[in-house]
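Comments concern the structure below.
The values are calculated or read from the model by the stated rules, or taken from the named source; none is laboratory data. Quick caveat: nothing in here was measured; it's all calculated off a predicted structure. All Cβ positions, even for glycine, are placed from backbone atoms using ideal geometry, and neighbour counts span all protein chains on display. Side chains are part of the model used for accessible areas, which takes the heavy atoms of the whole protein and leaves out ligands, DNA and RNA. Shrake-Rupley method; radii C 1.70, N 1.55, O 1.52, S 1.80 Å.
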Amino acid sequence: MTQTNRGEGVLALEDGSVFRGLAFGAKKTVLGEAVFNTSMTGYQEILTDPSYFAQVVTMTAPQIGNYGINPFDSESDGPKVAGFVIRELSPITSSWRSKQNLNDYLIAHNIPGLEGVDTRAITKKLRVTGVLKACLSSEGLGDAEAVRRAREWPGLIGVDYVKDVTCRAPYVFEPIQHEEIPFTVPGTKLCPAQLNRKRYKVAAFDYGAKRSILRKLVYHGFDVTVVPATATVADVDKLKPDAIFLSNGPGDPAALDYAHQTVRGLMQNYPIFGICLGHQIITHALGATTFKLKFGHRGGNQPVKNLENGKVSITAQNHGFASRPEEIAKVGAVVTEVNLNDQTVEGLRHAKLPVFSVQYHPEAAPGPNDADPLFEGFYNMVQKQLG
């Protein structure tokens, strides 16, 4: 492992807490929102998930980096976290797929990391106080200066971070060979049951979309054209899609007035499926609102109950905002799923229009596959509407 920049580092929180450890990754000072993720694996997917833009992520698993980094598991073009905090950086990588260790990867992408701190204490603090503004530095900052910088960071409320992670122009998504999902029919990107059925065109709004989500859409029978978050109804109409998909993404959903307006205009003409930030945008487009959770849901072990069929799924989640349940029925929709830990809204469906959404990440990157049938449900909804 490259030992460059392995001096002391610091994580300071706005409440005055200071955690000192060993720096790794880039030599840099960053500001962001301190959050934690409870996933046991999948650190590369977490690092590259655009939903983590402007966040300093603490992993609760005790050792990170043990299987290295490879070119195939990234969910975007590189890490999107502001900083990365772990208990122990694995001194070796033990996977035949590994092409690079975690330290060198973060150095290459100018992301600072901190190890050797009490990640359990950080997690317990965030659970009690809620998420906190943070400063992570490997540049020799003193405690008081680091705390001052953390307190001066403006935070996420009311900020549009989608503009920093969305694509700049529409493009057709084509999975390359190494991204084909196992058990497809040779020579195709389809499972056997989908080989001879009709394919539908979907316009996928990129609010910070993960590649695995787009791959799942292709796998389940859609030809995907990705459009920027700022695309208008007229822009989408020109593509003549059969349906609309709204992706995950970072930041405060209430700050995205342009997205609310566009989705509100599309609802009358297209079937729509939204996840995570897409779910929250649908909430606002319908006329309801969202609120900030105390410490959010981030990990691969969130239990969700479907109120329509009684099924409980273990889901992968990454979000800090939620829909207000008391407002959903007032805007013509119904709550379809709830989180069994805190009873927050995890899904909704419009009572009349072909529009539905979930708060979690059904593509399971990283996480369990319980929610994978949602993509099939989207296909069936589109088929019912269009034939």
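Filter the stretch 33-52 down to the residues that are assigned to a strand (DSSP E or B) and out of contact with any Leu (no Cβ under 9 Å at 6 or more places or on another chain) and list them by number.
Taking the stretch 33-52 first, the residues assigned to a strand (DSSP E or B) are 33-37.
Hit for the stretch 33-52 is ASN37, nothing else.
Take the residues of the stretch 46-55 that are in contact with an Asp or Glu (Cβ under 7 Å, 6 or more places away or on another chain) and buried (at least 24 other Cβ atoms within 10 Å of the Cβ): which is nearest to ARG215 (Cα to Cα)? Steps first, answer last, please.
In the first step, residues of the stretch 46-55 are kept if they are in contact with an Asp or Glu (Cβ under 7 Å, 6 or more places away or on another chain); the result is 48-49, 53-55.
With the extra rule that they be buried (at least 24 other Cβ atoms within 10 Å of the Cβ), the set shrinks to 49, 55.
Values: ASP49: 15, GLN55: 25 Å.
The selected residue is ASP49.
Within the stretch 37-59, does at least one residue satisfy the condition of being touching a residue at least 24 places away in the same chain (Cβ under 8 Å) and over 17 Å from ARG298 (Cβ atoms)?
no
Take the stretch 342-387 and flag every residue that is under 19 Å from the mean Cα position of the chain (by Cα), among the charged types (D, E, K, R) and assigned to a loop (DSSP other than H, G, I, E, B).
GLU363, ASP370, ASP372, listed by residue number.
Answer yes if at least one residue in the stretch 17-32 is assigned to a strand (DSSP E or B), open to solvent by less than 10 Å² (accessible area, probe 1.4 Å) and in contact with a helix residue (DSSP H, G or I) (Cβ under 8 Å, 6 or more places away or on another chain), and no otherwise. Break it down into steps so the answer makes sense when it comes.
Quick first cut of the stretch 17-32, residues assigned to a strand (DSSP E or B) only: 18-25, 29-32.
Pick out the ones that are also open to solvent by less than 10 Å² (accessible area, probe 1.4 Å) and you get 23-25, 32.
Now drop any that are not in contact with a helix residue (DSSP H, G or I) (Cβ under 8 Å, 6 or more places away or on another chain), which leaves 24-25.
Yes - at least one qualifying residue is present in the stretch 17-32.
Quick check: is even one residue across the stretch 98-111 open to solvent by 10 Å² or more (accessible area, probe 1.4 Å), more than 21 Å from THR166 (Cα to Cα), of a type in the set (A, V, I, L, M) and assigned to a helix (DSSP H, G or I)? Show your work before the answer.
Quick first cut of the stretch 98-111, residues open to solvent by 10 Å² or more (accessible area, probe 1.4 Å) only: 98-101, 104-105, 107-111.
After this cut, where a residue has to be more than 21 Å from THR166 (Cα to Cα) as well, the list is 98-101, 104-105, 107-108.
Next cut, of a type in the set (A, V, I, L, M) only: 107-108.
Going one step further and asking which of them are assigned to a helix (DSSP H, G or I), we end up with 107-108.
There is at least one residue in the stretch 98-111 that is open to solvent by 10 Å² or more (accessible area, probe 1.4 Å), more than 21 Å from THR166 (Cα to Cα), of a type in the set (A, V, I, L, M) and assigned to a helix (DSSP H, G or I).
Looking only at the stretch 74-91, which residues are touching a residue at least 40 places away in the same chain (Cβ under 8 Å), over 12 Å from THR58 (Cα atoms) and of a type outside the set (S, T, N, Q)?
GLU75, LYS80, LEU89, PRO91
Go through the stretch 305-330 and report how many residues are outside any helix (DSSP H, G or I), open to solvent by less than 50 Å² (accessible area, probe 1.4 Å), without any contact (Cβ under 8 Å) to a residue 60 or more places away in the chain and under 12 Å from GLU346 (Cβ atoms). Show your work before the answer.
Residues of the stretch 305-330 that are outside any helix (DSSP H, G or I), as a first pass: 305-324.
In the following step, the residues that additionally are open to solvent by less than 50 Å² (accessible area, probe 1.4 Å) were identified as 306, 310, 313, 315-323.
Restricting the remaining residues to those that are without any contact (Cβ under 8 Å) to a residue 60 or more places away in the chain gives 306, 310, 313, 315, 317, 322-323.
Keeping just the survivors that are under 12 Å from GLU346 (Cβ atoms) gives 306, 313, 315, 317, 322-323.
Number of matching residues: 6.
Condition (residue is at pLDDT 95 or above, polar (S, T, N, Q) and part of a loop (DSSP other than H, G, I, E, B)) applied to the stretch 212-231: is it met by at least one residue?
yes
Kindly indicate the residue of the stretch 19-64 that is hydroxyl-bearing (Ser, Thr, Tyr) and touching a Gly at 6+ places or on another chain (Cβ under 6 Å) and also farthest from LEU141 (Cα to Cα) among those meeting that condition. Lay out the reasoning, then the answer.
Applying the first criterion (hydroxyl-bearing (Ser, Thr, Tyr)) to the stretch 19-64 yields 29, 38-39, 41, 43, 48, 51-52, 58, 60.
When the remaining residues are screened for being touching a Gly at 6+ places or on another chain (Cβ under 6 Å), the result is 38-39, 51.
Working: THR38: 29, SER39: 30, SER51: 28 Å.
Among those that are hydroxyl-bearing (Ser, Thr, Tyr) and touching a Gly at 6+ places or on another chain (Cβ under 6 Å), it is SER39.
So in the stretch 112-138, with the set limited to residues that are hydroxyl-bearing (Ser, Thr, Tyr) and not in a strand (DSSP E or B), which one is most open to solvent (accessible area, probe 1.4 Å)?
Step one: filter the stretch 112-138 for residues hydroxyl-bearing (Ser, Thr, Tyr), giving 119, 123, 129, 137-138.
When the remaining residues are screened for being not in a strand (DSSP E or B), the result is 119, 123, 129, 138.
Numbers: THR119: 8, THR123: 17, THR129: 71, SER138: 13 Å².
Of everything passing the filter in the stretch 112-138, THR129 is most open to solvent (accessible area, probe 1.4 Å).
Kindly provide the set of residues from the stretch 287-324 that are of a type outside the set (Gly, Ala, Ser) and over 22 Å from the mean Cα position of the chain (by Cα), ordered by number.
To start, the set of residues in the stretch 287-324 that are of a type outside the set (Gly, Ala, Ser) comprises 289-295, 297-298, 301-309, 311-312, 314-315, 317-319, 321, 324.
The answer is LEU307, GLU308, ASN309, LYS311.
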